[in-house]
Amino acid sequence: MEPEADEKSIDPECPIMHQKIYEKSIDPASQTMLQKAEQEGIETAWDRYERQLPQCSFGKLGVCCRNCNMGPCRVDPLGKKKPKGICGATAEIIVARNLLRTIAAGAAAHSDHARDAVLTFKKMSEGKIQSYGIIDEVKLLSLAYEYGIPAEGKSHEEVAAELADALLQEFGKQNSPILCTRRAPNSRLKLWTKLGIEPRGIDREIVECMHRTNMGVDNDATHILLQGLRTGLSDDWGGSMIATDVQDILFGTPQPKRSTVNLGVLSRDKVNVIVHGHEPILSEMIVEAAEDPELLKLAQEKGAAGINVAGICCTGNEILVRHGIPIAGAFIQQELAVITGAVEAMVVDVQCIMPSLGYLTGCYHTKLISTSPKADFPRTVRMEFHEERAHETAREIVRVAIENFPFRNPGKVNIPEEKQECVVGFSVEAILGVLGGSPDPLVEAVKRGSVRGIGAVIGCDNVKITHNFGHVNLVKELIKNNVLVVTTGCNAIACAEAGLLVPEASEIAGDGLKAVCKVLGIPPVLHMGSCVDTSRILVLASVLANYLGMDISDLPVAGAAPEWMSEKAVSIGAYVVSSGVFTVLGTVPPIFGSQAVTALLTRDLNDVVRACFAVETDPFKAAYLMLEHIDGKRKALGLDSGIGYNGRFTDPNRTPPGLSLL
Ligand code: NFS
Ligand code: SF4
């Protein structure tokens, strides 16, 4: 029996529990599951976080090093007691080296994902695998053109084969630059060349980071960080962009469509299969298998009303923006989805998958199915996924889920009511389509001041911030102040859960943005895809900059990652800023152990790449910082910057935003 609705709501008599749960998440569906977890004695990431407190101050400041076995060394950031590591490395060197390794790991994750997409694309073009084909022919041909591959007289498969080879070369180029950077404005490209940070082969940049941070190699913080920028650029304008492009060719370029999000998308009477991780190569096949008549019949035989596929994290975003498949939750909700007791199979590949899931699924009937040759987790059912047998493996996975349906324990099932409508799928192509084929209407709206500027808000969830508090408040504050928001990753899921991805959300936007959204029929927050699709945001910025004949850093654009946690987000930060976009980080990066590195990243980078970071944990102040930046850019362009400010953070002089933490 399922509990009655009122039993599911949070107990108002229990202020401590109420407060505690409310501090963990602002999302009612998540709160309901957190309460269920407490009642059932189930541990979540929030409990483990509490047990980790207080977290190590040296780690938080970034001043611990174990890059060699004379260490580990932890240096005193003020340089008094232990100013140097055993080898003589200062806080400055250690902080910079640690950051470079983080960027390398993030860039590696995005780019290795891209490599697998290209390898699948290559096998498809050679006719070695049957499960995938060319869906977006226009994109295939335009990419081939960009890479200098003549298409005349060749079949699409032949073009694809040549393109796949050219794309694979981007990973291993030794001295020549990668090519997608040509999409950036000339001024940016020239700046990168002048600074010596134009990326070469993607793998080369990542390997060089590991080499440079090896004991006794690169020991100049500025020099180290410039390599961080170059590696970040190789991620965005290389790995991430290649992943986006190839996935568009294989699975289609997203176009606007409706769907639903949050834990309430799980079905009470169907077999629930969650796809969690990052690579659509797998999730696309699961979506297809779930429509297989034979498997649907089997589901019926097992007493289910059908098969319900839902996503978590970015593989969820991939199938959401292409097929409108619902999303059950973002990163921090992965455990909560299992806690509903209604998930027959959680199918995972790579990235952002908590190892806790293996133990957690053991408390329910859920099967955790791991599929990637690269990744495994405790207590999984292993069903390795290879493209050659993509259909068959996907069918076997869905079959395991169906067979598991009779083991669902109705007494343990509690699916939150909350599911929210959303409109998603705003690829650059789709945005230009909405605008009638040219950026002109958007540019005119910006000139008039109806749209004050563009806010790019991205990134993860993090237990250090009340779930969705940072994401939702920052984005609401921006749209209230007429900033059109573009979003990817877990921020996009948070915005969807808060109802910000529907055209009706423009009701809470400022008058100018509201009018523009109404005319165009769009939401004030545009979901552009998964985290690798952050590359779409920079392509959009380049389209606008090129159209106006200026640099990205001249545009009234600002970025933010309000709740970031992943190394991938650090790589994204590095490339967004190196591409000329001021970016506010909502959780504190481990850099404050070095004043020099902090000053470089939060101020002096302006003189290098014409953009820098700010760190601000208060989303209202973060929004203010972004608005201030956008207004500054408007002023420099001779546009009206006296649009006024409508927000909670009304007294910037009392607590200067962005400085409260320094
Ligand atoms: Ni991006 Fe997407 Fe989410 Fe963060 Fe993880 S799912 S790849 S890394 S947590 S936004
Ligand atoms: Fe210590 Fe230097 Fe070794 Fe790092 S590289 S652990 S600072 S001796």
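Here are some notes:
- Summing charges over neighbours of ILE249, with a neighbour being any other residue whose Cβ is under 10 Å away from its Cβ, gives -3 when K and R count +1 and D and E count -1.
- The share of alpha-carbon pairs in segment 91-251 lying farther apart than 23 Å comes to 42%.
- Simple Cβ-charge dipole of segment 263-412, Lys/Arg +1 and Asp/Glu -1, about Cα centre, in debye nearest 20: 580
- Stretchable slack from SER155 to LYS128, in nm (0.36 nm times residue separation minus alpha-carbon distance): 8.1 nm
- Global form of the chain, assessed from the alpha-carbon gyration tensor, a/c cut-off 1.5: rounded
- Ordering THR260, LEU229, ILE178 by the projection of their Cα atoms onto the charge dipole of the chain, which places +1 on the Cβ of Lys and Arg and -1 on the Cβ of Asp and Glu, puts LEU229 at the extreme positive end.
- Charging the Cβ of each Asp and Glu at -1 and of each Lys and Arg at +1, and nothing else, the dipole of the chain about its Cα centre rounds to 1980 debye.
- Relative contact order of segment 252-317, pairs being alpha-carbon contacts under 8 Å that are 6 or more residues apart, as %: 46
- GLU384/LYS635 FRET efficiency (R0 60 Å; Cβ-Cβ; nearest 0.05): 0.60
- A helix-only calculation puts the chain at -14000 deg cm²/dmol for mean residue ellipticity at 222 nm, using -39500 (n - 2.57) for each DSSP H run of at least four residues, averaged over all residues.
- Residue-count net charge about PHE582 - beta-carbon cut-off 11 Å; Lys, Arg +1, Asp, Glu -1: +1
- For the pair TYR49 and ILE86, label points projected 7 Å from Cα toward Cβ lie 3.6 nm apart.
- A simple packing score, the average count of other Cβ atoms within 10 Å per residue, orders the peptides 24-36, 472-484, 157-169 as 472-484, 24-36, 157-169, with the highest score first.
- Here the calculated FRET efficiency for LEU432 and ALA599, from their Cβ-Cβ distance with R0 = 41 Å, stands at 0.55, rounded to the nearest 0.05.
- Put simply, when 247-260, 58-71 are sorted by average Cβ atoms within 10 angstrom per residue, most first, you get 247-260, 58-71.
- Placing pseudo-labels 7 Å out from each Cα toward the beta carbon at GLU294 and GLU40 gives an inter-label distance of 3.3 nm.
- Taking all C-alpha pairs of segment 206-321, those more than 24 Å from each other amount to 49 percent.
- Per-residue ³J(HN,Hα) for segment 429-436, Karplus 6.51 cos²θ - 1.76 cosθ + 1.60, θ = phi - 60°, Hz, x for Gly and Pro: 4, 5, 5, 5, x, 4, 7, x
- Listed by chain and number, the aspartates and glutamates placed with their C-alpha closer than 17 angstrom to that of LYS633 are GLU444, ASP551, ASP554, ASP607; residues fewer than eight positions away on the same chain are left out.
- Annotation for segment 298-360 versus segment 178-225: alpha-carbon center distance of 37 Å.
- All alpha carbon pair distances within segment 426-636 were sorted into 10 Å bins beginning at 0; the resulting P(r) in whole percents reads 9, 39, 39, 12, 1.
- Once C-alpha pairs closer than 8 Å and six or more residues apart are averaged by separation and normalised to the residue number of the chain, the relative contact order reads 16 percent.
- Sorting TRP46, TRP192, TRP564 by the number of Cβ atoms found within 10 Å of their own Cβ, with the fewest placed first, yields TRP46, TRP192, TRP564.
- For LEU526, the residues whose amide H sits under 5 Å from its own are VAL485, VAL486, THR487, ignoring neighbours fewer than 5 places away on the same chain, with H placed 1.01 Å from N.
- Comparing VAL381, ALA345, ALA105 along the charge dipole axis of the chain, the residue lying farthest to the positive side is ALA105, per the Cβ-charge model.
- Segments 147-155, 213-221, 426-434, 524-532 sorted - mean Cβ within 10 Å per residue, highest first: 524-532, 426-434, 213-221, 147-155
- Given charges at Cβ of Lys, Arg, Asp, Glu: the chain dipole, positive-most of LEU250, ILE42, VAL400: ILE42
- Gyration tensor (alpha-carbon) shape descriptor, segment 14-138, a/c threshold 1.5: oblate
- Segment 416-483, relative contact order in percent, only Cα pairs under 8 angstrom and at least six apart counted: 27
- Residue pairs exceeding 24 angstrom between C-alpha atoms, taken from LYS20/LYS464; LYS20/LYS514; LYS270/LYS412; LYS82/LYS568; LYS24/LYS367; LYS122/LYS257: LYS20/LYS514; LYS82/LYS568; LYS24/LYS367; LYS122/LYS257.
- Cβ-placed point charges (K, R +1; D, E -1), dipole of segment 426-636 about Cα centre in debye, nearest 20: 300
- Excluding same-chain neighbours fewer than eight residues apart, the lysines reachable from LYS84 by a Cα-Cα span under 26 Å are LYS60.
- Three-way shape call for segment 263-412 based on the alpha-carbon gyration tensor, with the a/c threshold at 1.5: rounded
- Remark: segment 83-89, residue by residue, has Karplus-estimated 3J(HN,Hα) of x, 9, x, 4, 7, x, 5 Hz, where x stands for each Gly or Pro and the curve is 6.51 cos²θ - 1.76 cosθ + 1.60 at θ = phi - 60°.
The numbers here are math on the coordinates, done by the rules we state, and not lab data. Please read these numbers as outputs of a predicted model, since none were measured by experiment. Every residue, glycine among them, receives a Cβ derived from its backbone with ideal geometry; neighbour counts consider all protein chains shown.
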